[in-house]
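Data first, discussion second: the structure below is written as structure tokens.
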Amino acid sequence: MKRREILKRAGIVAAAAVAGPFFHVRPARADKGDLVVVSWGGDYDQALRDFVFPAFEKATGYTVKLDAPPETAKVKAMVQSGNVSWDVIMTDTPAVQALVKDSLLEPLDYAVIDKAKLGRIPRELQQQYALGQRIYSFNIVYNTNSMPKAKHPRNWAEVWDAKNFPGGRTFNFQGGIAPQLEAALLADGVPVDKLYPLDVERAWRMMDKLKPIVAKWYTSHAQAIQLLSAGEASVGNTIGPRGITAKKAGAPVDVEYNQGKLASDNWCLVKGVRNKKVAMEFINTALDPKMQASIAQKVPYGPSNTGAFEFLSAQDAADLTTSPENIKQQFWWNTDWWSAPGPDGKSPREAQGERFAKWMINS
Amino acid sequence: MGRAARFWRSREGALVLPALAFYVLVYLYPLSRIVGWSFFDPDFTLKFYRELLAEPAYFKALRNTLEISVLVTLISLMLGYPLAYLMTTTSARARRVLTVLILVPFWTSILVRTFAWLVILGNNGLVNRALLDLGLVEFPQKLLFNMVGVQVGMVHVLLPFMVFPLYGVMSRIDLNVVRVARSLGAVPRKAFLYVFLPLSLPGVGAGCILVFLLAIGFYVTPALLGGPGQITLATMIDMMINTFLNFGFAATLGVLLLAVVGGIFGLFSGLMGLNRILGAGEGR
């Protein structure tokens, strides 16, 4: 071997030794490859890790790698740069719509999903690019010290009524959440079955009335729960299951389900997914009713598969947004209305979102 | 050999080259792409700029951003100048203690610190409890979700960036000069005003520019501690990217911010001279 050759090899070995610790070396096993799943982190991810991943890995021989959070901007950057490192993401419907608009998702292959499971999942959650995994809702969440139970606002009209229900309000702004125009219209007396198509101008007149009693327009649901727990706000519009989580942790917070807006976090395939069939197989596994029941016991989101309730006690079910008792007081968020492009090509999601920012900033 | 070619072959050229290459690759190139986004969709267009000019809300956000940043800079200067002065004139031991105390906040993440202010400044927070218990106020004072909260949170984060450039310049001032002024009959106030203060101005310039530029790009603190009156351009850019995936318009807002900052910086360096602002050439 020439001297140069030896040096070169030594260099490669040295480089490998230096770089080694930075790569996760997996033990050799029946490893066919990995599937990268992206979710929102926290307790729910742990529950996926505990209940869904082992079953999927055992059945397919693929290994799941988890990443968080599934930022839409990151998906766009990945697809545009041709450097896609995610396969399956779980995200909310507005994000799905934004992604679909820019053709950043792969259509789902429903043939892989068990028919029995699909039969137990609400039709609203079975879309071309998205399949519901967990159900949450935008609810009246209140501080039980400043608004004792039974004396708290029981509908949006009472949330808007600061005279009889005094205390600061908290509503969303930023964080990709649409303005709560449905709540505004319900507060103005529009019946639930006449909500859509939304009377936008009427809704904004109600938003004008809300503005002076809002203590803080929160930027994330975590902040909303913090404000309500600390009593900085007495009542607000935020994710019910997060309120339940706080309640279970001992915070003085509770959830009123009446007139809540149901929505879902959904499985999607990123455009350029490496192995579509395996990815669909993963989604199929996650829709298992028994697994969804186990997850719901840990993290109080509604299971998308209604079959899960057969594995849940009445007590566990009572605190889920989709329990038979709770779900009948609520309505489904009509995301089709929000995503249909208007005459100028902008969907209500975009047009009302921009109007929201301008309305806020010009106050 | 031309002047440029001579420079790159000189020692200075060799020393500056690695940093320059790094900046071109990871800063100037991406920046040029962002400027490009604001002009193409996918063909050349001025629609983003037309949209920007047509909507006063974005200029309101720009005004909010500048208002917040100027105020943060002034408050940091008022708090930081005496502190830096103390560090210059005190014993070495006290100086070490002060340095550590100023650096302590750096050890905690900015998000955690911002959330901590929510606990301290809230209606049921430490400050309001104390004020109520002492009978100084009848109702909780609004210290959050307005300019007060934003200023407290941001000055807390940015104060070290004011103190250290100030101290850097002050520590190089020969205090004998002040003593000479005193011995020639200047009262302490005059000795400070006419001798020490002018010599410390490069530090004031450097500290102010550093704090101002950092404040302009602040995102987390105004979003969490501010109200509708503190919506910044950074917030709007975040919304355009993360909510609407409108990279082109987000880039346009970024270019606006860059142009304004560049303009302000250019104005100051034109008025005062870049060397004086940054304290270059001092101590030679």
When chain B is treated as a Gaussian network with springs between alpha carbons less than 10 Å apart, the largest mean-square fluctuation among B:Y85, B:Y194, B:Y58 is found at B:Y194
Calculated from DSSP helices alone, with each H run of at least 4 adding -39500 (n - 2.57) and the total divided by the residues of chain A, [θ]222 nm to the nearest 500 comes to -11500 deg cm²/dmol
At 37 °C in a medium of viscosity 0.692 mPa s, the protein assembly as shown has a Stokes-Einstein diffusion coefficient, with Rh taken as the Kirkwood radius over alpha carbon pairs, in µm² per second, of 115
Along principal axes, largest first, the alpha-carbon spread of the range A:222-363 in whole Å comes out as 50, 47, 27
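Could I get the Rg over Rh figure for the range A:307-363? Both from C-alpha atoms, Rh via Kirkwood, rounded to two places. Don't skip to the end; give the middle numbers.
Values: Rg = 18.6 Å, Rh = 14.6 Å.
Using Cα coordinates only, the ratio equals 1.27.
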Between A:T63 and residues 5 or more places away or on another chain, the pairs with built amide H atoms under 5 Å apart involve A:K32, A:G33, A:D34, A:L35
hull vol. (C-alpha, convex hull) per residue for chain B, Å³ -> 214
Taking a straight Cα-to-Cα line shorter than 19 Å from A:K32, and setting aside same-chain lysines fewer than 8 residues away, one finds A:K58, A:K65, A:K276, A:K277
Per GNM of chain A with C-alpha springs under 10 angstrom, the most fluctuating residue out of A:K247, A:K290, A:K163 is A:K163
With the full set of protein chains present, the residues of the range B:111-153 whose 1.4 Å probe accessible area falls by 30 Å² or more relative to the chain alone are B:F115, B:L118, B:N123, B:N124, B:F145
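Below 8 Å, C-alpha to C-alpha, sequence gap of six or more: please give me the relative contact order for chain B in percent. Spell out each step's value before the answer.
On the way: 272 pairs, mean separation 75.4, N = 284.
Taking the mean separation of contacting Cα pairs over the length of chain B, I get 27 percent.
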Between A:R205 and B:L175, the two model label points (7 Å from Cα along the beta-carbon direction) sit apart by a distance in nm of 7.1
Probe 1.4 Å, protein heavy atoms only: A and B together bury a total accessible area in Å², to the nearest 100, of 2600
Given 25 °C, 0.890 mPa s and a Kirkwood radius over Cα pairs, the Stokes-Einstein diffusion coefficient of the range A:150-294 in µm²/s is 141
Whole-percent carbon and sulfur contribution to the accessible surface of the range A:168-235 (1.4 Å, no ligands, DNA or RNA) stands at 54
In degrees rounded to 10, the 0-90 angle between helix A:348-361 Cα long axis and the longest Cα principal axis of chain A is 70
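Before rounding to the nearest 500, sum -39500 (n - 2.57) across all DSSP H runs of length at least 4 in chain B and divide by the residue total; then give [θ] at 222 nm in deg cm²/dmol. Could the numbers behind the result be given before it?
Details: 16 runs with 203 residues, N = 284.
Computed ellipticity for chain B at 222 nm equals -22500 deg cm²/dmol.
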Sequence order, the range A:154-162: Karplus ³J(HN,Hα) from phi using 6.51 cos²θ - 1.76 cosθ + 1.60, θ = phi - 60°, Hz rounded, Gly and Pro as x, gives 9, 8, 5, 4, 6, 5, 6, 8, 7
Along the range A:110-126, Karplus-curve 3J(HN,Hα) (6.51, -1.76, 1.60; θ = phi - 60°) to the nearest Hz, with x for Gly and Pro, reads 5, 5, 6, 7, 4, 4, 4, 5, 4, x, 9, 9, x, 3, 4, 8, 10
Accessible-area loss of at least 10 Å² (1.4 Å probe, chain alone to full protein assembly) applies in the range A:206-242 to A:A215, A:K216, A:W217, A:T219, A:Q223, A:Q226, A:L227, A:A230, A:G231, A:E232
With all protein chains in place and a 1.4 Å probe, B:R172 shows an accessible area in Å² (nearest 10) of 140
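Tell me the net charge near B:F145. Cut-off is 15 Å between Cβ atoms, B:F145 excluded, with +1 for each Lys or Arg and -1 for each Asp or Glu. Walk me through the intermediate numbers first.
Details: positive: A:R169, A:K211, A:K216, B:K142; negative: A:E232.
Local net charge: +3.
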antiparallel share of DSSP beta bridges within the protein assembly as shown, to nearest 5, in %, is 65
Helix A:200-210: inclination vs chain A longest Cα principal axis, degrees, rounded to 10, gives 80
Taking N as the number of residues in the range B:1-148, the ratio of its alpha carbon radius of gyration to 2.2 N^0.38 Å works out to 1.70
For chain A, the per residue accessible area (1.4 Å probe, Å²) is 44
Accessible-area loss of at least 50 Å² in the complex relative to the chain alone (1.4 Å probe) applies, within the range B:215-235, to B:P228, B:I231
The set of residues whose placed amide H lies less than 5 Å from the amide H of A:Q127, leaving out same-chain residues fewer than 5 positions away, is A:G132
As a percent rounded to 5, the proportion of antiparallel DSSP bridges among beta bridges in chain A is 65
A correct Karplus calculation of ³J(HN,Hα) over the range B:97-105, with 6.51 cos²θ - 1.76 cosθ + 1.60, θ = phi - 60°, whole Hz and x for Gly and Pro, returns 4, 4, 4, 4, 4, 5, 7, 3, x
Once normalised by the length of chain A, the mean sequence separation of its alpha carbon contacts under 8 Å that are 6 or more apart gives a contact order in percent of 23
Rounded to the nearest 10 degrees, the helix A:289-298 long axis (Cα) sits at an angle to the longest Cα principal axis of chain A of 70
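Return a whole-number percent for the relative contact order of the range B:174-284, with Cα pairs under 8 Å and 6 or more residues apart as the contact set.
Numbers: 54 pairs, mean separation 30.7, N = 111.
Contact order relative to length: 28 percent.
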With every protein chain kept in place and a 1.4 Å probe, the residues B:S183, A:S264, A:S294 fall, from largest accessible area down, as B:S183, A:S294, A:S264
Filtered hits (lysines, Cα-Cα < 17 Å from A:K248, offset >= 8 within chain) -> A:K149, A:K298
Per GNM of chain B with C-alpha springs under 10 angstrom, the most fluctuating residue out of B:A14, B:A250, B:A234 is B:A14
For A:K346, the lysines lying under 29 Å Cα to Cα, once residues fewer than eight places off in the same chain are dropped, come out as A:K74, A:K76, A:K101, A:K194, A:K209, A:K211, A:K216, A:K261, A:K271, A:K358, B:K47, B:K60
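The values are calculated or read from the model by the stated rules, or taken from the named source; none is laboratory data. Remember, predicted model here, so these are calculated numbers, not experimental data. With ideal geometry, Cβ positions are generated from the backbone for all residues, glycine too; neighbour counts draw on all protein chains shown. Side chains included, ligands, DNA and RNA excluded: accessible areas come from the protein's heavy atoms. Shrake-Rupley method; radii C 1.70, N 1.55, O 1.52, S 1.80 Å.
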